[in-house]
Amino acid sequence: MKIGILSRGPKLYSTKRLAEAGRLRGHEGEGINPLKSYMNITSSKPTVHYLDRVLKGFDAIIPRIGASITFYGTAVLRQFEMGGVFPLNESVAISRSRDKLRSLQIMASKGLGLPITGYAHSTKMTENLIELVQGAPLVVKLLEGTQGKGVVLAETQKAAESVIEAFRELNAHFLVQEFIKEAGGSDIRCFVVGDKVVASMKRTGLEGEFRSNLHRGGTAERVKLTPAERATAIKATKTMGLNVAGVDLLRSKHGPLIMEVNSSPGLEGIEKATGKDVASSIIEFIEKSVTKKRTTRTRGSG
C-alpha cells in the first residue's frame with residue numbers, strides 16, 4: 001500500500017515511528033505537510049497538490065494534524081476523502097473532537113461518565129457556575145487550550161471568581177469543571193485502535209502540579225485498566241466517530257470519568273512507558289480497513 005502521513009513535522013517521534021512501522025510491513029510511505037498542500041476542488045476529479053505535483057495513488061492517509069491548523073488540515077484530509085482514500089480518522093470526527101464543548105455534549109448524550117461541567121456566557125452567572133460544579137476547588141479550562149495549557153486550578157471561591165472574571169475580560173471561551181480530588185494529580189491515557197485498547201499508561205504530575213501532561217514534566221508508567229475503564233475508552237472513541245484516539249480518564253469514586261478524547265495522540269510517551277509497538281498496531285488496522293474497503297467495492301461492482 002501507499003500511505004501518506006499528513007504532518008508538519010517529519011522528524012517528530014510519532015511521524016517517524018508510523019513511517020518506520022509502515023516500511024517494516026512492506027508499505028510505501030510519504031510525509032505530506034498540509035500547509036504546503038493546495039487543492040483543486042472540482043466535482044469531476046478532486047485533487048491535492050503538494051509543492052509542484054499532484055498527489056496520486058494513495059491507499060490511506062494518517063492525519064497528524066496539530067490543533068493550531070485544524071481548519072486547514074481537515075480541509076486537506078477531506079479532499080483526500082473525496083478522492084476515495086481511506087482516512088485513519090475522518091475529517092469530520094477530528095473537527096468534532098477538537099471542539100471540547102461539543103465533544104463533551106456528545107459524550108454526555110451517550111451516558112458516558114464526565115466531570116460535572118458548567119458553561120455560560122453571561123458575566124452574571126459566575127456564582128451559579130461555581131455552585132453548579134459543587135464549589136471550589138474547581139478547574140477552569142480554555143476551550144482552545146492543549147497539552148495542559150490554559151487549565152487553571154482555583155482552590156478557593158475567591159480564586160475561582162478571579163480566574164473566571166479574568167478569562168471573561170479576555171473574551172475567552174472556557175469551561176468550569178469539578179475537581180476530582182481522589183485522582184491525586186494522575187490520569188489514565190488509553191490508546192484505542194479500532195475496537196481495542198492497545199496500550200495504557202498512568203500519568204502523574206510533578207509534586208504540587210495537578211496537571212499530569214508529560215509535556216509539563218509529568219511521569220508515566222504502565223497501568224492495568226479495569227473492565228469499566230477499558231469499555232469507557234472504547235465507547236468514547238466510537239461515540240466521537242474515531243478509529244484511533246487517546247482517551248484520557250480520571251479515576252473517581254463514581255468510576256472512570258472522561259477528561260478528553262484526542263484524535264492525534266502522540267506515540268512517544270505511550271510506547272516508552274508500556275513497551276508496546278503502538279505504531280504497528282495502527283498500520284495493521286489500516287491494512288485490514290483498506291482490504292475490507294476493497295472487498296466491499298469489488299462485491300458491489302459484481
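The values are calculated or read from the model by the stated rules, or taken from the named source; none is laboratory data. Values in this document were obtained by computation on a predicted structure and should not be read as measured data. Every residue, glycine among them, receives a Cβ derived from its backbone with ideal geometry; neighbour counts consider all protein chains shown.
One table, with the values for the structure above:
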| read-out | value |
| --- | --- |
| Selected residue [surrounded by fewer than 18 Cβ atoms within 10 Å (Cβ to Cβ) and in contact with an Asp or Glu (Cβ under 7 Å, 6 or more places away or on another chain)] from Lys11, Lys45, Lys36, Lys2 | Lys2 |
| Of all residues making up region 93-114, the number that are in contact with a Ser or Thr (Cβ under 8 Å, 6 or more places away or on another chain) and either within 24 Å of Tyr72 (Cβ to Cβ) or not in a helix (DSSP H, G or I) (or both) | 11 |
| Qualifying position, being within 20 Å of the chain's Cα centre (by Cα), assigned to a loop (DSSP other than H, G, I, E, B) and not acidic (Asp, Glu), among Gly241, Gly246 | Gly241 |
| Checking Gly84 against (1) in contact with a Pro (Cβ under 6 Å, 6 or more places away or on another chain); (2) on the phi > 0 side of the Ramachandran plot, the condition it does not meet | (1) |
| Region 198-217 - residue that is farther than 20 Å from Ser252 by Cα and surrounded by 20 or more Cβ atoms within 10 Å (Cβ to Cβ) and, of those, modelled with the lowest pLDDT | Leu214 |
| Subset tally (residues that are surrounded by 13 or more Cβ atoms within 10 Å (Cβ to Cβ) and under 20 Å from Ser97 (Cβ atoms)) for region 51-82 | 20 |
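Yes or no, residue by residue, for (1) under 14 Å from the mean Cα position of the chain (by Cα); (2) small (Gly, Ala, Ser); (3) not assigned by TED's automatic domain parsing to the domain that holds Lys16:
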residue	(1), (2), (3)
Asn40	no, no, no
Phe71	no, no, no
Gln79	no, no, no
Leu104	yes, no, yes
His121	no, no, yes
Met125	no, no, yes
